[in-house]
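S.K.: The structure that follows is given in the form of structure tokens.
The values are calculated or read from the model by the stated rules, or taken from the named source; none is laboratory data. Keep in mind the model is a prediction, meaning the values are calculated, not measured. For neighbour counting, all protein chains shown are included, and Cβ atoms are generated from backbone atoms with ideal geometry for every residue, glycine included. For the accessible areas, the whole protein counts, side chains as well, though only heavy atoms, and no ligand, DNA or RNA atoms are used. Shrake-Rupley method; radii C 1.70, N 1.55, O 1.52, S 1.80 Å.
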Amino acid sequence: MNQATLHQLKVFEAAARHGSFTRAAEELFLTQPTVSMQIKQLTKSVGLPLFEQVGKRLYLTEAGRELFATCRQIFETIDQFQMKVADLKGLKQGQLRLAVITTAKYFIPRLLGPFCELYPGIDIALQVTNHEGILERMTSNLDDLYIMSQVPEHLDVNFQAFLENPLVVLAPMNHPLAHEKNIPIQRLAEEPFIMREPGSGTRRSIQQLLDEHQVTVKVKLELGSNEAIKQAIAGGLGISVLSRHTLMPEPAVSEVTILDVEHFPIKRDWYMVYPNGKQISIVARTYFEYLLDAATKFSVEMNAAKNVKVEESC
Ligand code: PGA
């Protein structure tokens, strides 16, 4: 292993994470032959194969899995060292890795511009995924901070609520119930319903409320994107329940409205979460404080946006 370089380990880590030399090459801005060459040299230094190909898929061998775990520890230690040096220098610079829940994408990216202007030395990597995706990333310790609506019960984490994230019933603007007040929740059972995919936190919250009131909705369509659901509602395919934040005013193609159904909105919050014991860098702390302040201003803006329209699908 004395011959192995940090660069080779970086290439190997990316290839192992993606299960693909091509994707590792893309991520690291290298050519595929360079990746193969680096891994070949590393394999020689280790003295055992690191990958095996079965059919079209690439798997780690036992030695590969051991090396992958070792790489994670090495890079984590180097990251922590860099953070400490930046902290010692009092510099707000480095990388901030954020993983946010799908609905937070209406809020977080628009705050990143002003944040980057304030702190030009900070680079940001933002991942947007559903509840289950965030849990997986947290378990693998891939990011600095996580923004989600349900604090994981089975993981040891620190968390802080920073903004309300109410779930509302959405229907097309011309829906017969659009002007009704206090619609009984049982009435939802008569409407074609558009549901988020399994693994979605939104779906879990809706299901919980429906179960509590013994309401069974007719799921006509299951979609893995809030944007696609809004388009489907506007297209008259049914009604749904989504975060009110998905209705941020945007260039409209058609309109949707919020129905006044009893027991709605489902009250939820967004939380900033990180695993207990994780070393929080000065960069992450800076972002944390910035977000708390920005969230207060954002909620005022959000409450002002009353009539909402559908934006383009993603
Ligand atoms: P989801 O998360 O994308 O998993 O539905 C949104 C939320 O839980 O608020």
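S.K.: DSSP loop (so not H, G, I, E, B), at most 16 other Cβ within 10 Å: list which GluC sites (Glu not before Pro) in segment 147-245 pass both filters. Write down the numbers at each step before the final one.
M.R.: Values: sites: 153, 164, 180, 190, 212, 222, 227; in loops: 153, 180.
The qualifying sites are 153, 180.
S.K.: Before I look further, what does segment 61-136 give for accessible area per residue, probe 1.4 Å, in whole square angstrom? Intermediate values should be presented prior to the final figure.
M.R.: Details: 4120 Å² over 76 residues.
On a per-residue basis, 54 Å².
S.K.: Next question, about the same structure. Return the ratio Rg/(2.2 N^0.38 Å) for segment 45-172, where Rg is computed over Cα atoms only. Don't jump to the answer; show the numbers that get you there.
M.R.: Numbers: Rg = 19.0 Å, N = 128, 2.2 N^0.38 = 13.9 Å.
Taking the Cα Rg and dividing by 2.2 N^0.38 Å, one obtains 1.37.
S.K.: What number comes out for accessible area per residue over segment 157-205 if the probe is 1.4 Å? Units Å², please.
M.R.: On the way: 2240 Å² over 49 residues.
Ligands and nucleic acids excluded, the result is 46 Å² per residue.
S.K.: Using a 1.4 Å probe on the protein chains only, how many percent of the accessible area of the chain belongs to carbon and sulfur? List each step's numbers first, then the result.
M.R.: Numbers: 8430 of 16430 Å².
About 51 percent, which is the carbon plus sulfur part of the accessible surface.
S.K.: Excluding same-chain residues fewer than 8 positions from residue 220, which lysines have a Cα within less than 17 Å of its Cα?
M.R.: 230
S.K.: With springs only between Cα atoms under 10 Å, which of 238, 199, 64 fluctuates most in a Gaussian network model of the chain?
M.R.: Of 238, 199, 64, the most mobile in the Gaussian network model is 64.
S.K.: To the nearest Å, what is the center-to-center distance of segment 1-38 and segment 92-141, using C-alpha atoms only?
M.R.: About 25 Å separates the Cα centre of segment 1-38 from the one of segment 92-141.
S.K.: Continuing with the same structure: Taking a cut-off of 24 Å between Cα atoms, list the lysines near residue 10, but don't count ones fewer than 8 places away on the same chain.
M.R.: Those lysines meeting the cut-off are 40, 44, 56, 84, 278.
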